[in-house]
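The values are calculated or read from the model by the stated rules, or taken from the named source; none is laboratory data. Owing to the predicted nature of the structure, the values given are computational and were not obtained by experimental measurement. Because the Cβ atoms are built from the backbone with ideal geometry, glycine has one as well, and the counts that use them run over all protein chains shown.
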Amino acid sequence: MKNNFLESAIRQIESYKAVGEKAIDQLTDEQVLWQYNEESSSIAVVAKHVVGNQFSRWTNFLIEDGEKEWRERDAEFVNTYTSKTEMLNAWDKGWDCFISVLKNLSEDDLKKTVYIRKEPHSVIDAITRQLCHYSYHIGQIVYVAKMLRNEEWKSLSIPKNKSAEFKTKKFSPK
């Protein structure tokens, strides 16, 4: 049986990934590539950064520093994707890298120390750090997608002005 922390982390990260994808699904190629100004990032750039971070942090997770020598972090903030499909293909590979590591960790692994930028972290802290980091960027993706879609936005949770309706629904545990 998997550790409760690992099960919870996997559930949460799969949920964040799905939220990002539901937001991206509502966008065109042009909207995914749009950026507000030179200092802001397009959704494609945010996704590219997440993917770069995932490969760096989760490749050889238990045996190498999470900030790999081969990572070109600054290049992650320059868009090279030409379409939403290209971006999503990379996105899936990054998430697969992360989630497969989580699914293969053991309870004993949680007691180990890993390094990120030469600083020691417990495995639990490293996972929690990434859950926070990725949810932060998913929030950016949703925020920009919602601005771009405006009235055409399809809510990913309780729609605006529908809280009272949601509260009246009966609770039924699974």
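Please specify each residue of the range 127-159 satisfying the condition of being farther than 30 Å from D65 by Cβ and part of a helix (DSSP H, G or I).
Passing the criteria: V142, Y143, V144, A145, K146, M147, L148, R149, N150, E151, E152.
Kindly indicate whether any position in the range 157-164 is at pLDDT 95 or above and within 20 Å of the chain's Cα centre (by Cα).
Looking for residues that are at pLDDT 95 or above and within 20 Å of the chain's Cα centre (by Cα), one finds none in the range 157-164, hence no.
Kindly indicate whether S56 is over 11 Å from the mean Cα position of the chain (by Cα), of a type in the set (G, A, S) and farther than 22 Å from D96 by Cβ.
No.
Just one of the numbered conditions (1) closer than 16 Å to A126 by Cα; (2) in contact (Cβ under 8 Å) with a residue 40 or more places away in the chain is not true of I24; which one?
Just one mismatch for I24, condition (1).
State which residue is surrounded by the most Cβ atoms within 10 Å (Cβ to Cβ) when the search covers only the range 15-31 and only residues that are more than 11 Å from K84 (Cβ to Cβ) and in contact with a helix residue (DSSP H, G or I) (Cβ under 7 Å, 6 or more places away or on another chain).
G20
Filter the range 106-129 for residues that are closer than 19 Å to R11 by Cβ and in contact with a helix residue (DSSP H, G or I) (Cβ under 6 Å, 6 or more places away or on another chain) and give the result.
D109, L110, V123, I124, I127
Given the criterion under 21 Å from F5 (Cα atoms), in a helix (DSSP H, G or I) and of a type in the set (D, E), identify the matching residue among D74, D96.
Just one listed residue meets the conditions, D96.
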